[in-house]
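Asker: I have a structure I would like to understand better, so I am pasting it below and will then ask my questions one at a time.
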Amino acid sequence: METPQQERKMAIPEVHPEHKEYWDATAEGKLLVKQCESCGEYHYYPRVLCPFCMSDKTKWKEAKGTGNIYTFSVMRRAKPAPYAIAYVTLDEGPKMMTNIVDFDLDRIHMNQKVKVVFKQSGDQDNPGPFIPCFTPVKG
Amino acid sequence: MSIEGKAYIAGAFEHPKRLVEDKSVAAIHAECAKGALEDAGLTLQDVDGYFCAGDAPGGALSMVDYLGLNVRHVDSTETGGSSYIAHVSHAAQAITAGKCNVALITMGGRPRAEGKSGVKPKKFTPNVPEVPFEIPYGPTAVNEYAMAASLHMHKYGTTSEQLAWVKVAASHHAQYNPNARLKDLVTVEDVLHSPMIADPLHLMDCCVVSDGGGALVVVNQEIARGLKRPLIKVIGAGESPKGPMGGNMDMTYTAAVHSGKAAFEEAGVNPAEIKYAGIYDSFTITVIMQLEDLGFCKKGEGGKFVADGNLIAGIGNLPINTDGGGLNNNHPTSRGGMTKLIEAVRQLREEAHPEVQVKDCDIALVNGIGGGLGSRHCSATLIMERV
Ligand SMILES: [Zn+2]
């Protein structure tokens, strides 16, 4: 069986003031995560204050963009086409909600190694920010 | 200060309709309020505390005015489908503190009449912090719970057949409920052959969409003793929210680990003493994970625990959701906590259908997971005793 992933119109995210750098980076093909200079922890999604120690010394770091699939589900009953929602564990540590794209949806599996790819939200008439998604890689 | 023994559930009412085309959401709340007060033998004038959640149109201010209430205590705690379980606990706390004596809790909605369903993407709410980092990915109620199911299968070897047993039990109970949305008995094979919605959850792993609602009346001991209803005492409660924790997410367990522990400690009972459980069955996986996390079986063994009819009244060791639950009977406005409480009250009063009535049902537990197991949820636990 094969269920090729089809392009899906993604909802345009609301850009909150403290996330401008994040969305500017995705447009350049970079995934940023926040790291706290006080406790050293990475976190996702990005906050102004560290969710682990409430320090305001949180800094943007460019993630390697690699990780593995923590869990996933293929939404079979989706219009116009099925899509795969997942959580990916980044190599830096945090898990993030995402979609698995550019791959046969029937061959996605747990712990699969993936790398980040960016898909633009919205459509041609109303384009939105680029959204970090992931696609499986060999190894 | 404990709520143990301070408050009693005196009135309970489940709206008989599963499709409400001719009345508004506010009218459903009002009909439920009237039903629960009549069940208790109380009147509108007796109510001095009001509780509602996000389904109440206009919130507590609109509803208090609409219902014609004159109250001195309001609480609109919103934790999704578990809200009403938390409301009973909060009502007991308010009664313990002397802030009210007769608390009315209402819920209701009409998602069927309004054409809503669980497979549609969640609504976009402005300013909610996580939304920009989730909404583009198409999270829905079903694919979020499906991710929890995928992980449970991967980590513990839980099977689709085991998930299906939760639905089989629900259908077994629903055949005796004339108001149930789905009354047909189904088999494990029927569940496995129903359409796949979001891997690994089939259509029959998902709760129904239904209109309607329910209401409860919680009163102090003195008032409870003056009424002509069995005494259903609140003996323990707990609530606990859980989310992706800044990226440190662990989707293998629910917050029932915490809410359940708190409730059992307050009540001074253990899982073996629970004769009947109302477990929010938004999806079959939700039941399996709650049963593990509440301590009815070991972590990872929930699949084995629910198999072979163990949840069916008269057959299994732990009868749950004897009205047919959200999977078969009713899931008004996609919030399952209220109907779980109502059936637990029926069981404790020995007013359940004779085919599903649990013998000597003196202690019951209700647990709800509101929100999304694959993102943020709140577990609420309540333990009640018939005295
Ligand atoms: Zn920190």
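No lab work stands behind these numbers, since they all come straight from the coordinates. Keep in mind that what you see is a predicted model, and the values were worked out from it rather than measured. A quick note on method: Cβ atoms are made from the backbone with ideal geometry, for glycine too, and the neighbour counts reach across all protein chains shown.
Asker: Please give the length that would be gained between residue B:301 and residue B:359 if that part of the chain were fully extended, namely 0.36 nm times their separation in residues minus their C-alpha to C-alpha distance (nm, one decimal). Intermediate results must be reported in sequence, preceding the final value.
Answerer: Values: separation 58, 0.36 × 58 = 20.88 nm, distance 2.63 nm.
Gain on stretching residue B:301 to residue B:359: 18.2 nm.
Asker: For residue B:304, go through the lysines and keep the ones whose alpha-carbon is under 21 Å away, minus same-chain ones fewer than eight residues off.
Answerer: Correct list for residue B:304: B:155, B:167, B:275.
Asker: Here is a follow-up. With r defined as the distance between the Cβ atoms of residue B:34 and residue A:28 and R0 fixed at 51 Å, what FRET efficiency is calculated, to the nearest 0.05? Don't jump to the answer; show the numbers that get you there.
Answerer: Values: r = 61 Å, r/R0 = 1.19.
So the FRET efficiency works out to roughly 0.25.
Asker: Just to compare against my own numbers: the Cα pair-distance distribution for segment B:120-223, 5 Å bins, whole % per bin, please.
Answerer: Per 5 Å bin, starting at 0, the Cα pair percentages come out as 2, 10, 15, 16, 14, 14, 12, 9, 5, 2, 1.
Asker: Rounded to the nearest 10 degrees, what's the angle between the helix B:83-96 long axis and the longest principal axis of chain B, both from Cα atoms, 0 to 90?
Answerer: 30
Asker: Rounded, prolate or oblate for segment A:17-136? Axes are the square roots of the Cα gyration tensor eigenvalues, ordered a ≥ b ≥ c, and the cut-off for rounded is a/c under 1.5. Let's see the in-between values first.
Answerer: Details: a/c = 2.30, a/b = 1.47, b/c = 1.57.
In terms of gyration-tensor shape, oblate.
Asker: Right, here's the next one. Take chain B, connect every pair of alpha-carbon atoms lying under 10 Å apart with a spring to form a Gaussian network, then pick out the residue of B:188, B:20, B:128 with the largest mean-square fluctuation.
Answerer: Answer for the Gaussian network model of chain B: B:128.
Asker: Per the helix-only calculation at 222 nm, which mean residue ellipticity applies to chain A, given -39500 (n - 2.57) for every DSSP H run of n ≥ 4 and division by its residues, nearest 500 deg cm²/dmol? Display every interim value, and only then the final one.
Answerer: Values: 1 runs with 8 residues, N = 139.
Calculated mean residue ellipticity at 222 nm is -1500 deg cm²/dmol.
Asker: At 7 Å along Cα-to-Cβ for each site, give me the label-to-label distance between residue A:126 and residue A:6 in nm.
Answerer: Going by the 7 Å Cα→Cβ label model, 2.1 nm.
Asker: Under the classification rounded if a/c is under 1.5, otherwise prolate if a/b is larger than b/c and oblate if not, where does the protein assembly as shown fall, given a ≥ b ≥ c as square roots of the Cα gyration tensor eigenvalues?
Answerer: Working: a/c = 1.86, a/b = 1.56, b/c = 1.19.
Note, shape of the protein assembly as shown comes out prolate.
Asker: Work out the count of Lys pairs in segment A:17-136 where the Cα-Cα distance is under 14 Å, with the pair 8 or more places apart or on different chains.
Answerer: Close lysine pairs found across segment A:17-136: 17.
Asker: Separation of segment B:264-281 and segment B:163-188 by C-alpha centroid, Å?
Answerer: Segment B:264-281 and segment B:163-188 have Cα centres spaced 23 Å from each other.
Asker: Residue farthest toward the positive end of the dipole of the protein assembly as shown, with Cβ of Lys/Arg at +1 and Asp/Glu at -1: which of B:270, B:197, A:117?
Answerer: After comparing all options, I get A:117.
Asker: Just need the relative contact order of segment B:109-235 here, percent rounded to a whole number, with Cα pairs under 8 Å and 6+ apart. Intermediate values should be presented prior to the final figure.
Answerer: Details: 105 pairs, mean separation 33.5, N = 127.
Relative contact order, segment B:109-235: 26 percent.
Asker: Given an 8 Å cut-off on Cα distances and at least 6 residues of separation, report the relative contact order of chain B as a percent.
Answerer: On the way: 972 pairs, mean separation 99.4, N = 387.
Reported as a whole number, the value is 26 percent.
Asker: So, one more: Note the angle between two axes, namely the Cα long axis of helix B:256-267 and the longest principal axis of the Cα atoms of chain B, as a number of degrees from 0 to 90, rounded to the nearest 10.
Answerer: It works out to around 40 degrees.
Asker: For segment B:171-293, would you read off the P(r) tail past 24 Å as a percentage of all alpha carbon pairs? Display every interim value, and only then the final one.
Answerer: Details: 3804 of 7503 pairs.
Value for segment B:171-293 (Cα pairs over 24 Å): 51 percent.
Asker: Relative contact order of segment B:222-353, please, whole-number percent, based on alpha carbon pairs below 8 angstrom and at least 6 residues apart. All intermediate terms of the calculation are to be shown ahead of the outcome.
Answerer: Working: 147 pairs, mean separation 28.0, N = 132.
It comes to 21 percent, rounded to a whole number.
Asker: If you find the alpha carbon centre of segment B:221-255 and of segment B:338-354, how far apart are they in angstrom?
Answerer: Taking the Cα centre of segment B:338-354 as reference, the centre of segment B:221-255 is 17 Å away.
Asker: Tabulate in residue order the Karplus-calculated ³J(HN,Hα) for segment B:37-43, using 6.51 cos²θ - 1.76 cosθ + 1.60 with θ = phi - 60°, rounded to whole Hz; enter x for Gly and Pro.
Answerer: 5, 5, 4, 6, x, 10, 10
Asker: Here's another thing I want to ask about it. With θ taken as phi - 60° and the coefficients 6.51, -1.76 and 1.60, list the Karplus ³J(HN,Hα) couplings across segment B:324-334 in order, rounded to whole Hz; mark glycine and proline as x.
Answerer: Computed from phi, the couplings for segment B:324-334 are x, x, x, 5, 10, 7, 7, 9, x, 6, 6 Hz.
Asker: Sticking with this structure for a sec: Under a straight-distance cross-link criterion of Cα-Cα below 15 Å, which aspartates and glutamates are reachable from residue B:183, leaving out those fewer than 8 residues away in the same chain?
Answerer: Straight-distance partners of residue B:183: B:323, B:355.
Asker: Quick check on chain B: take the gyration tensor over C-alpha atoms, sort the square-rooted eigenvalues as a ≥ b ≥ c, and tell me if it's rounded (a/c under 1.5), prolate or oblate. Before the final figure, lay out each step's value.
Answerer: Working: a/c = 1.45, a/b = 1.27, b/c = 1.14.
The shape class here is rounded.
Asker: Determine, for segment B:1-153, the count of lysine pairs separated by eight or more sequence positions (or lying on different chains) whose alpha-carbon distance falls under 18 Å.
Answerer: Numbers: B:6/B:99; B:17/B:34; B:17/B:116; B:23/B:34; B:23/B:116.
Close lysine pairs found across segment B:1-153: 5.
Asker: Which ³J(HN,Hα) values, rounded to whole Hz and listed in residue order, are derived for segment A:66-72 from phi using the Karplus coefficients 6.51, -1.76 and 1.60 in 6.51 cos²θ - 1.76 cosθ + 1.60 with θ = phi - 60°, glycine and proline given as x?
Answerer: 10, x, 9, 6, 7, 7, 7
Asker: Specify the angular offset, from 0 to 90 degrees and rounded to the nearest 10, of the alpha carbon long axis of helix B:160-174 from the longest principal axis of the alpha carbons in chain B.
Answerer: Here the helix axis deviates by roughly 40 degrees.
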